[in-house]
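Take a look at the structure below.
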Amino acid sequence: MKLVSFTLVLFCLTMSVLSQNIILVMSDDQGYGDIAVHGNPVVRTPHLDKLYTVSIRCTNFHVDPICAPTRAALMTGRYARRVGVRGTYAALNYLHPGEKTMGEIFRSMGYRTALFGKWHLGGNYPLRPIDRGFEEWVGHGDGGNGTTNDYWNNVKWNDHYLHNGQWKPYEGFMTDVFFQEAMRYIDNGDKRPFFVCIPTNVPHQSWNTPEAWTRPYTSQGESLMNALFYASVERVDHNMGRLRQFLTQKGLADNTILIFMTDNGTANRSTYNAGMRGRKGSVYEGGHRVPCFFHWPARWGEKGRDISMVTAHIDILPTLINLCGVSPSVPLPEFDGTDLTPLLDGTDSPWPHRYVVVDQQQSRIKASTKAPHVVMSDKWRLVNGTELYDITVDAGQKNNLAQANPSVVKRMNTAFNQWWGEVSVNASVLDPVIAGSGHQDTLFLTGLDWLIGGQTTWAQGYVRMGQIANGEHFIQIASPGVYAFALRRWPKESGLALRDSTPALSIPGYLLVDKYNGQSNRGISLPITGAKISINGHEQMFDAITDTTREVVFEAFLEEGPVRFQTWFEVAGMDNPGAYYVYIYRNDPFDKIRK
């Protein structure tokens, strides 16, 4: 009887400790200056402005200059370079399978875990959110809405999204859908505490919005591009208001840790940038300094204040683990980030001096110390090893103080070299997706996944325009057998044959702007006469294509282990592009006989 009572008390204490919930919202391509309260004179963000007033603001908060590396660092508490991510395509965005993610860690702590929105750390097993600790997942193609591996003709309105790995239709604007699904998940009756991540895919291009949303901006003289961008930011703000109202109505607001941040500097080239130099992709301040708000009334009240020390994406995970007060039941790696709890709590504990490093290795075949990089302290920014700026008085980074401060330059370069020596050990390791594992029936590879060194067919606009590009794929075979490789010009759900064209996209009342294929968005016909595949150096060819042929299927018996393959379509009078879409599945006849 005493044992039962003790167990009950222990259970109640554990649930009490775990009573705080966590929601992490991260918008895409929204910079520090893309919020009204940060001084932007045009954009309307009343809900973010209100959140700002009641939150702890990290005003010197940094991420990577581009998308996927930020997500990798956020998910692991470790530098993106250390966990294998240095780009946004060509397998450079694949997060090492051995790394522990937020999903896995919080799940081990008794939380239910979910992600609604953009993942961008791998779209096939074992790299998807549902393979990395998230129990529930609703999202688009791995690179984003409208990328090559997204559902065909997704335009942010009444699209198909992946629900736990299967495409499903949803009604409404994409950002609204992700927030709505998050609120539905939170309110599903499960009494466990929740960790919910909502990484939106706006205001990232393509900026497809209802025309009515842009009018308030164009009527003030803003360009169409600015209006589309600001309308997208405003939709994030609208949904932050919906979310906070929902939490209040459900009695969850006081004891939910709510974090808002963004994934890199602004992507819009002509908007307000808070006086900072550089934008998305740059290692100058405007490329990686972003907003970060922490809100938890039960612990910090509703009085806003600023933290001016240098902080970063790598700090979020170790901070949240400590705030939850429960030890994970999975082994934890050594975090690169620092627990921010003393700063958030406003204690007088001495804060250690430290350096934070970010770099920009996108499109490089081999990672290099010569790539753009910045070393940061509370006061200094050392850019590319030679430019030194006092960021406390020079946000625009106009006055290079390197010559006057050689000892500072030397110390910060030493810190960079030490950082590089630690994080670059596994930087060039390729993580293949896995076929025949039993966890995913069919691998789905596109021109977005061609290995670095070839061209990348990033978005559906490139597919429509018939981009002449090619590259090699790298996969792992889990078990020996016969595997089918189905090559397509268009994805399966399009219903199109290899030689078909397709009309331009059009939605009444919507502005569809495809930066990859101009405003027309029309899909051209390619006169394909044949197809070829090379699997580990062994070639197969097929030349009996007709006007009704939708795919060409090649089969090969493959042993367990790594496989490299490349595909070609023969196109009369043109260079031969690769198959934009390849579906890979086990097709062993012996398995069929046994079944």
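Tabulated values for the structure
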{"item": "Residues of segment 230-270 satisfying the condition of being out of contact with any Asp or Glu (no Cβ under 6 Å at 6 or more places or on another chain) and either of a type in the set (Gly, Ala, Ser) or at pLDDT below 95 (or both)", "result": "ALA231, SER232, GLY241, GLY251, ALA253, GLY265, ASN268, ARG269, SER270"}
{"item": "Hey, VAL233 in contact (Cβ under 8 Å) with a residue 12 or more places away in the chain, open to solvent by less than 40 Å² (accessible area, probe 1.4 Å) and either closer than 26 Å to GLY287 by Cβ or not in a helix (DSSP H, G or I) (or both) or not", "result": "yes"}
{"item": "Residue match in segment 392-408 (condition: in contact with a Leu (Cβ under 9 Å, 6 or more places away or on another chain), in a strand (DSSP E or B) and at pLDDT 95 or above)", "result": "no"}
{"item": "Cβ-Cβ under 6 Å pairs, at least 6 apart or on other chains, segment 485-511 side closer than 21 Å to GLY447 by Cα and of a type in the set (Ser, Thr, Tyr), far side open to solvent by less than 50 Å² (accessible area, probe 1.4 Å) and in a strand (DSSP E or B)", "result": "SER501/GLY523; THR502/GLY523"}
{"item": "Close pairs from segment 22-41: first without any contact (Cβ under 8 Å) to a residue 60 or more places away in the chain, partner outside any loop (DSSP other than H, G, I, E, B) and not small (Gly, Ala, Ser), Cβ under 6 Å, at least 6 apart", "result": "ALA36/ASP49; VAL37/ASP49; VAL37/TYR52"}
{"item": "Odd one out for VAL358, checked against (1) modelled with pLDDT of 95 or more; (2) part of a loop (DSSP other than H, G, I, E, B)", "result": "(2)"}
{"item": "Single unsatisfied condition, LEU162 versus (1) in a strand (DSSP E or B); (2) open to solvent by less than 10 Å² (accessible area, probe 1.4 Å)", "result": "(2)"}
{"item": "Flag for ASN145 being closer than 27 Å to TRP458 by Cα, open to solvent by 10 Å² or more (accessible area, probe 1.4 Å) and touching a residue at least 40 places away in the same chain (Cβ under 8 Å)", "result": "yes"}
{"item": "Residues that are modelled with pLDDT of 95 or more and open to solvent by less than 10 Å² (accessible area, probe 1.4 Å), drawn from segment 206-225", "result": "THR214, TYR217"}
{"item": "Those strands (runs of 3 or more DSSP E) lying entirely in segment 507-584 with at least 1 residues of a type in the set (Gly, Ala, Ser)", "result": "528-535, 552-558, 561-571"}
{"item": "Test for TYR79: is it open to solvent by 10 Å² or more (accessible area, probe 1.4 Å), among the hydroxyl-bearing types (Ser, Thr, Tyr), touching a residue at least 24 places away in the same chain (Cβ under 8 Å) and over 24 Å from LEU243 (Cα atoms)", "result": "yes"}
{"item": "Only one of GLY278, GLY286 that is in a loop (DSSP other than H, G, I, E, B) and modelled with pLDDT of 95 or more", "result": "GLY278"}
{"item": "Pick from segment 465-479, criterion in contact with a Pro (Cβ under 7 Å, 6 or more places away or on another chain) and either in a strand (DSSP E or B) or acidic (Asp, Glu) (or both), ranking: least open to solvent (accessible area, probe 1.4 Å)", "result": "ILE475"}
{"item": "Residue, surrounded by the fewest Cβ atoms within 10 Å (Cβ to Cβ), within segment 446-457, restricted to residues that are closer than 21 Å to VAL571 by Cα and touching a residue at least 40 places away in the same chain (Cβ under 8 Å)", "result": "GLY454"}
{"item": "Residue check, VAL283 under 27 Å from LYS100 (Cβ atoms) and either open to solvent by less than 20 Å² (accessible area, probe 1.4 Å) or touching a residue at least 60 places away in the same chain (Cβ under 8 Å) (or both)", "result": "no"}
{"item": "Given (1) in a loop (DSSP other than H, G, I, E, B); (2) at pLDDT 95 or above; (3) farther than 30 Å from ASN208 by Cβ; (4) touching a strand residue (DSSP E or B) at 6+ places or on another chain (Cβ under 8 Å), number of the condition ARG81 does not satisfy", "result": "(2)"}
{"item": "Of all residues making up segment 480-501, the number that are of a type in the set (S, T, N, Q) and open to solvent by 40 Å² or more (accessible area, probe 1.4 Å)", "result": "1"}
{"item": "Any hit, segment 119-130, residues being assigned to a loop (DSSP other than H, G, I, E, B), in contact with a helix residue (DSSP H, G or I) (Cβ under 7 Å, 6 or more places away or on another chain), farther than 24 Å from LEU258 by Cβ and among the small types (Gly, Ala, Ser)", "result": "no"}
{"item": "Near pairs, Cβ below 9 angstrom, 6+ apart or cross-chain, from segment 296-308 (in contact (Cβ under 8 Å) with a residue 12 or more places away in the chain and within 14 Å of ILE259 (Cα to Cα)) to any residue that is open to solvent by 80 Å² or more (accessible area, probe 1.4 Å) and not basic (Lys, Arg)", "result": "TRP296/ASP254; PRO297/ASP254"}
{"item": "Candidates THR113, THR88, THR70 - the one that is surrounded by fewer than 24 Cβ atoms within 10 Å (Cβ to Cβ) and touching a residue at least 40 places away in the same chain (Cβ under 8 Å)", "result": "THR88"}
{"item": "Residues being crowded, with 16+ Cβ neighbours inside 10 Å and charged (D, E, K, R) - total across segment 165-175", "result": "0"}
{"item": "Selected residue (criterion: surrounded by the most Cβ atoms within 10 Å (Cβ to Cβ)) from residues of segment 242-257 that are farther than 18 Å from PRO46 by Cβ and without any contact (Cβ under 8 Å) to a residue 12 or more places away in the chain", "result": "GLN249"}
{"item": "Matching residues in segment 44-59 - criterion: being part of a loop (DSSP other than H, G, I, E, B), open to solvent by less than 10 Å² (accessible area, probe 1.4 Å) and under 26 Å from THR392 (Cα atoms)", "result": "SER55"}
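The values are calculated or read from the model by the stated rules, or taken from the named source; none is laboratory data. Since the structure is predicted, the reported quantities are computational estimates derived from the model, not experimental observations. In this analysis, Cβ positions are derived from the backbone assuming ideal geometry, glycine residues included, and neighbour counts consider all displayed protein chains. We work out accessible area using only protein heavy atoms, side chains counted, and drop any ligands, DNA or RNA first. Shrake-Rupley method; radii C 1.70, N 1.55, O 1.52, S 1.80 Å.
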